[in-house]
Amino acid sequence: MKNNKLVIVGTMAFDEIITPTAESGKILGGAATYIGLAAAYADADIAAVSVVGEDFPEEHLSLLTNRGIDISGVEQVMGGKSFYWKGKYHTNMNKRDTLDTQLNVLADFNPTVPKKHRDASVVMLGNLDPKVQRKVLDQLTPNPSRTVLLDTMNFWMDLELAALLDVIKEVDVITINDEEAMQLSGQTNLVLAAKAIHKMGPEFVIIKKGEHGALLFYKDQPFFAPALPLENVVDPTGAGDSFAGGLSGYLAAQNTTTAPVIKKGILYGTTAASLCVGAMGTANLVQSSKADFLAQLQKLERLRNISA
Ligand code: AMP
């Protein structure tokens, strides 16, 4: 059953980000936030599933509802504190250290997928506890044309590897950065890492290489999408989530998951990531209209064009 529904699950958070030139203070972050804002550039019917504390301001939630995203699956825990993450970038902003992660309300989160979205064609399991990702999958009603995407990070590989592998079995498309692909597979070569990850379940393995683009491994024919070269990278936080959002939004809008559609979706993801890094936190995604997004996509297409 094909529809253009997209279910997103991920953190909604307070982040504190330190870059070589700026400190953000406590700002809006979280995987589901970036994914939702990025996915909303495509014509998909989106529902977000997440949890926040009483401290989470209404205006953060309305950024998602303003984009038409259904947040009835975002639980607010009265008396609870929202997920908190603090990270610091090196002078080479491809590298960062996590200084603090406080799960807070995420520690006891029991997700509920809104009934209307249980038959969704596309499910984006954003970065969060794999046990929560599993609970989301278990609530879905059968849909033979469903595509499940998953993003994760080293934090969950270190803490919850068995639960993560159990979810990865059900995944069609995994997006993962190069270092995490190596950690997950135990391989130091990316081609071998992708092969090992294929065997864990996903048909499509997308390995993100930050400012050096993204590689898709599918059957025997890899595909490469460069990142847009940017003069001003302010804050890379959320680039991976924005990539996942742009990709999953496009897949939901297209209603089909073939290799050419995934490849175009990768361009959508790359475009969303390039917008994201242009300002601190979510600011640039919040400010950029659909027309801005399409103009950026056109720049990316020009980057790849050999005849002009
Ligand atoms: P990215 O830069 O794409 O890896 O995503 C950064 C976002 O992920 C931040 O907004 C954080 O709030 C969120 N985040 C950081 N650590 C975790 C974690 N362990 N689980 C889930 N989300 C996280």
Sorted by chain and then number, the residues having a modelled amide H within less than 5 Å of the amide H of residue 96, at least 5 places away or on another chain, are 90
For the range 5-303, the accessible surface attributable to carbon and sulfur atoms (probe 1.4 angstrom, ligands and nucleic acids excluded) amounts in percent to 50 percent
One finds, for residue 134 and residue 22 with R0 = 45 angstrom and r their Cβ-Cβ distance, a FRET efficiency to the nearest 0.05 of 0.75
For the chain, the per residue accessible area (1.4 Å probe, Å²) is 42 Å²
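If R0 is 22 Å, what FRET efficiency do you get for residue 212 and residue 258 from their C-beta distance, rounded to 0.05?
Numbers: r = 26 Å, r/R0 = 1.18.
Efficiency at R0 = 22 Å is approximately 0.25.
When the helix-only estimate is applied to the chain (DSSP H runs of n ≥ 4, each -39,500 (n - 2.57), divided by the residue count), what is the mean residue ellipticity at 222 nm, nearest 500 deg cm²/dmol?
-11000 deg cm²/dmol
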Whole-Hz Karplus couplings 3J(HN,Hα) for the range 219-230, θ = phi - 60° and coefficients 6.51, -1.76, 1.60, Gly and Pro as x, run 6, 9, 10, x, 10, 10, 10, x, 7, 6, x, 10
About its Cα centre, the range 5-303 carries a charge dipole, from +1 on Lys and Arg Cβ atoms and -1 on Asp and Glu Cβ atoms, whose size in debye to the nearest 20 is 780 debye
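Net charge near residue 221, counting Lys/Arg +1 and Asp/Glu -1 over other residues with Cβ under 15 Å of its Cβ?
On the way: positive: 195, 219, 263; negative: 203, 220.
Overall, the nearby charge balance is +1.
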Per its Cα gyration tensor (rounded if a/c is under 1.5, else prolate when a/b beats b/c, else oblate), the range 183-270 is best filed as oblate
Taking a ≥ b ≥ c as the square roots of the eigenvalues of the Cα gyration tensor, with a/c under 1.5 meaning rounded and otherwise prolate when a/b exceeds b/c and oblate if not, the chain is rounded
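May I ask for the net charge around residue 30, where only other residues with Cβ less than 11 Å from the Cβ of residue 30 are counted and Lys, Arg are +1 while Asp, Glu are -1?
Working: positive: none; negative: 15, 241.
Local charge sum for residue 30: -2.
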Full extension between residue 163 and residue 220 adds, at 0.36 nm per residue less the Cα distance, a length in nm of 17.6 nm
For the table 5/169; 88/208; 116/195; 26/95, the rows whose alpha-carbon distance is greater than 28 Å are 116/195
Using alpha-carbon positions, the gyration tensor of the range 237-294 gives root eigenvalues a ≥ b ≥ c; with a/c under 1.5 called rounded, otherwise prolate if a/b exceeds b/c, else oblate, the class is prolate
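I need to check one value: relative contact order of the chain, counting alpha carbon pairs closer than 8 Å and at least 6 residues apart, in percent.
Details: 706 pairs, mean separation 59.5, N = 308.
Normalised by residue count, the contact order of the chain is 19 percent.
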Taking alpha-carbon centroids only, the range 46-124 lies from the range 217-294 a number of Å equal to 19 Å
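The values are calculated or read from the model by the stated rules, or taken from the named source; none is laboratory data. A quick note: this is a predicted structure, and the numbers were derived from the prediction, not measured. Heads up, the Cβs are rebuilt from the backbone with ideal geometry, glycines too, and the neighbour counts pull from every protein chain shown. Only protein heavy atoms, including side chains, enter the accessible area calculation; ligands, DNA and RNA are left aside. Shrake-Rupley method; radii C 1.70, N 1.55, O 1.52, S 1.80 Å.
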